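No lab work stands behind these numbers, since they all come straight from the coordinates. From a predicted model like this one, the values you see are computed outputs, not experimental measurements. Don't worry about glycine lacking a Cβ; one is built from the backbone with ideal geometry, like all the others, and counts go over all protein chains shown.
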Amino acid sequence: MTIDWFPLWLSLRVALVATALGVAAGISIAYLLANREFRFKDALDAAVTLPLVLPPTVLGYYLLVVIGRESPIGQIWEKMFGSPLVFTWKAAVAAAFLRSFPLLVKSSRAALENVDRSYERAARTLGASEWKLFCRVTLPLARRPIYAATALAFAQALGDFGATLMVAGNIPDRTQTMALAIYDAVEAGNGFLARVLVLVISALALIILTFANRLAPAVVKR
Amino acid sequence: MIKARIKKTFPARPDSAGFSLDIDFSAASGITVLFGPSGSGKTLTLDSIAGFVRPDEGRILLDDAILFDGATRVHLAPQARQCGYVFQNYALFPHMTLRENLAFAAERRPRLERHRRVNEMLERFRLQDMAGRRPHEVSGGQKQRCSIARALIGSPKLLLLDEPAQGLDAPLRVEFYDILRQVQAEFKTPMILVTHDLEECFELGEEMIVLYQGRMVQSGPPRRVLDQPANLEVARLLGAFNLIPAEIRMLDPGRNRSRVQVGEFEIEGPYFPGHLKGDRVTVCVRPEQLRALPRNGRPGANQVAVELKRAIERPRGVRLEFSGGIAVDLSRADYEAQRENKDWLIEFPGDSLRVL
């Protein structure tokens, strides 16, 4: 029996793009939370944490509201690219992004706040702009926990089920990720396929977590 | 030339007592030492000048630039202040080599000049051989030198040093004092140095400012502050005095004389302006101003009979602690000659006696 590996490649691609977007957005928001004082800061912090605790179906529903064909974003997308965003692999990226993004914000914020303030102060007295000191001092010093969080976020993005199902559907060879393929295999009574896919995704997650653990505890030497 | 008038209040909170800083000083070229116990506002003063902390009121002028002005809401960013800062922990970037640390600081200079400038500083601070190493791979003294070099590379108008000798062993401290004096002679950058070490004040300070609980309690050359502490508080902070309760018995401005009673003895001193007969005062005398003598018969003029509690060996001699909490410093030879003494006398200096 041949196994269709499309869901694995799709999952990897979705998780990779979602994590890349998540890192960029996560570090930006973490920077704001760690360095700036503004109104509704606590509200922003709570809002980015929300996806961690809400049921996947709720996330999927919100996503449909935001990027569905009726929504402004969905319509702009359709005008620009000629086809709807929902029920494509790009919608799956949006779902995976939403799942992994809170973890990246939380961990990046903690990592940035953990950097000894005297390094940033030193950089300021040496004339470095805020941007330069962030790129060349704070971020490099916080990089290890951020790498670890990125690995975890990737693993999380790999396994999203509910939100993906709602915004990207379960279209074989188009939007069927690993998690959805496993569900289908079990439903169809294809025990062999289900076992293989489950083992593959577990092994993958295990490797990523081991990798993340090796990154996390290392502290920068003084 | 730096002129700073700074007010900053941290209101009391359930978890902290609150603190207020209120100082006004100016410092010309040379090294000015901010001296005080921890929690007296020394570092807060430094941080206000560097721009890390925004004072509530006041004005900070460096040469003719306004760094901060409460009334017109001027508050320059640390980047724009041209103040070098040497941190207590050095704050060398741990992920960069020493050379990269210096290069980071040199980036404000013209591109062509940077490389030469970095090399010059590495050589000047004897760091050429270490230039490729990271801060955790070099010694404390080298880190120290590198942090001074890094602070100076952009030619700041003022150098701020926060307890820079704190983590150094005794020999390294001596070396560090030398370096700082050389830097001062060579670069002519005015410096403000924070410390709670009196020796350091004397080693380095041309002027010292004594801070206590956010206020300036005295300022002047260290020698003068030590010779004439302005009040009991300063004398306590300097930690270098015998402070003995006494009562004024007689004052004679005409002959510039006075007599004070210490315990059951009377000692003579100069006239103390501003005091009245019968005032309870504190005699303030340094341990090395007192003489310890063997007691034979009745105590003479200005002598007090005391009982020896213990003798403490010190690096430069011996400190004797007597009843009444009076300490006397003797040289080793003096002590060896007298160690068999059964009963002791202490002789007060007479003319240089001070009361607070």
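For the segment A:123-135, counting C-beta atoms of other chains within 10 Å of every residue's C-beta and taking the mean gives 6. For the stretch B:252-265, the Karplus equation 6.51 cos²θ - 1.76 cosθ + 1.60, evaluated at θ = phi - 60°, returns couplings of 9, x, x, 9, 6, 10, 7, 10, 10, 9, 10, x, 9, 10 Hz by residue, with Gly and Pro reported as x.
In plain terms, the residue of A:61, A:147 with the fewest other Cβ atoms within 10 Å comes first and the most crowded comes last, giving A:61, A:147.
Using the Cβ-Cβ distance between residue A:16 and residue A:70 with R0 = 25 Å, the FRET efficiency computed as 1/(1 + (r/R0)^6) comes to roughly 0.25.
Between residue B:7 and residue A:203, the modelled label-to-label distance comes to 7.3 nm, taking each label 7 Å out from Cα in the direction of the beta carbon.
Counting 0.36 nm for each residue step from residue B:28 to residue B:249 and taking away their Cα separation leaves a gain of 75.2 nm. Proximity of backbone amide H atoms, modeled 1.01 Å from N, is registered between residue B:20 and B:10 at under 5 Å, excluding neighbours fewer than 5 places apart on the same chain. Computed from the Cα positions only, the extents of the stretch B:110-253 along the three principal axes stand at 74, 29, 25 Å, in decreasing order. In summary, the lysines within cross-link reach of residue B:143, defined as a Cα separation below 18 angstrom excluding same-chain residues under 8 places away, comprise A:221. Once amide H atoms are built 1.01 Å from N in the peptide plane, which residues 5 or more positions from residue B:133, or in another chain, come under 5 Å H to H? Correct list: B:98, B:99. For the pair the stretch A:62-87 and the stretch B:82-159, the centres of their Cα atoms are 54 angstrom apart. Here the calculated FRET efficiency for residue B:169 and residue A:58, from their Cβ-Cβ distance with R0 = 56 Å, stands at 0.35, rounded to the nearest 0.05.
Please give the calculated 222 nm ellipticity per residue for the protein assembly as shown, where each DSSP H segment of at least 4 residues contributes -39500 (n - 2.57) and the sum is spread over every residue; nearest 500 deg cm²/dmol?
Rounded to the nearest 500, it is -13500 deg cm²/dmol.
Annotation: Cα Rg of the protein assembly as shown relative to the compact-globule expectation 2.2 N^0.38 Å equals 1.42. Using the Cβ-Cβ distance between residue A:110 and residue B:123 with R0 = 35 Å, the FRET efficiency computed as 1/(1 + (r/R0)^6) comes to roughly 0.25. All other residues whose Cβ lies under 14 angstrom from that of residue B:282 are scored, Lys and Arg at +1 and Asp and Glu at -1, for a net of +1. Averaged over peptide B:82-95, the number of partner chain Cβ atoms lying within 10 Å of each residue's Cβ comes to 5. A crude spin-label estimate for the pair residue B:95 and residue B:232, with each label 7 Å from Cα along the Cβ direction, gives 5.5 nm. Counting, for every residue in B:99-108, the Cβ atoms of other protein chains within 10 Å of its Cβ and taking the mean gives 3. Each peptide in B:66-74, A:152-160, A:184-192 receives the mean, over its residues, of other Cβ atoms within 10 Å, and ordering these scores from highest gives A:152-160, B:66-74, A:184-192.
Shape summary: the stretch A:6-215 maps onto an equivalent ellipsoid whose semi-axes, from the alpha-carbon gyration tensor, are 35, 22, 14 Å in decreasing order. Once Rg and the Kirkwood radius are both taken over the C-alpha atoms of chain B, their ratio Rg/Rh works out to 1.07. Remark: spin-label model distance residue A:43-residue B:133 equals 5.4 nm, labels positioned 7 Å along the Cα→Cβ axis. Each of A:180, B:160, A:64, A:52 has some number of other Cβ atoms within 10 Å of its Cβ, and from fewest to most they run A:52, A:64, A:180, B:160. Given H placed on each backbone N at 1.01 Å, which residues far from residue B:302 in sequence or on other chains put an amide H within less than 5 Å of it? Amide H neighbours of residue B:302, under 5 Å, 5+ apart: B:268.
Across the stretch B:313-329, coupling constants 3J(HN,Hα) worked out from phi with the 6.51/-1.76/1.60 Karplus curve, θ = phi - 60°, read 6, 10, x, 10, x, 10, 9, 9, 10, 10, 4, x, x, 8, 10, 10, 9 Hz, and Gly and Pro carry x. Distance from the alpha carbon centroid of the stretch B:283-328 to that of the stretch B:15-38 works out to 35 angstrom. Between residue B:116 and residue B:66, the contour length at 0.36 nm per residue exceeds the Cα-Cα span by 14.8 nm.
Straight-line cross-link reach from residue B:342 at under 21 Å between alpha-carbon atoms covers these lysines, not counting any fewer than eight positions away in the same chain: B:309.
Charging the Cβ of each Asp and Glu at -1 and of each Lys and Arg at +1, and nothing else, the dipole of the protein assembly as shown about its Cα centre rounds to 920 debye. The stretch A:1-42 and the stretch A:186-215 have Cα centres separated by 20 Å. Near residue A:56, once Lys and Arg are set to +1 and Asp and Glu to -1 for all other residues with Cβ below 15 Å from its Cβ, the sum equals 0. Phi angles across the stretch A:103-109 convert, under the Karplus curve 6.51 cos²θ - 1.76 cosθ + 1.60 with θ = phi - 60°, into 3J(HN,Hα) values of 4, 5, 5, 4, 5, 5, 4 Hz, Gly and Pro given as x. Taking every C-alpha pair closer than 8 Å and separated by at least 6 residues, the mean separation divided by the residue count of chain B gives a relative contact order of 15 percent. Full extension of the chain segment joining residue B:301 with residue B:314 gains 1.7 nm, where the gain is 0.36 nm per residue of separation less the Cα-Cα distance.
What number of lysine-lysine pairs in the stretch A:6-215 show an alpha-carbon separation below 29 angstrom, given a sequence spacing of 8 or more or placement on distinct chains?
Count of close lysine pairs: 5.
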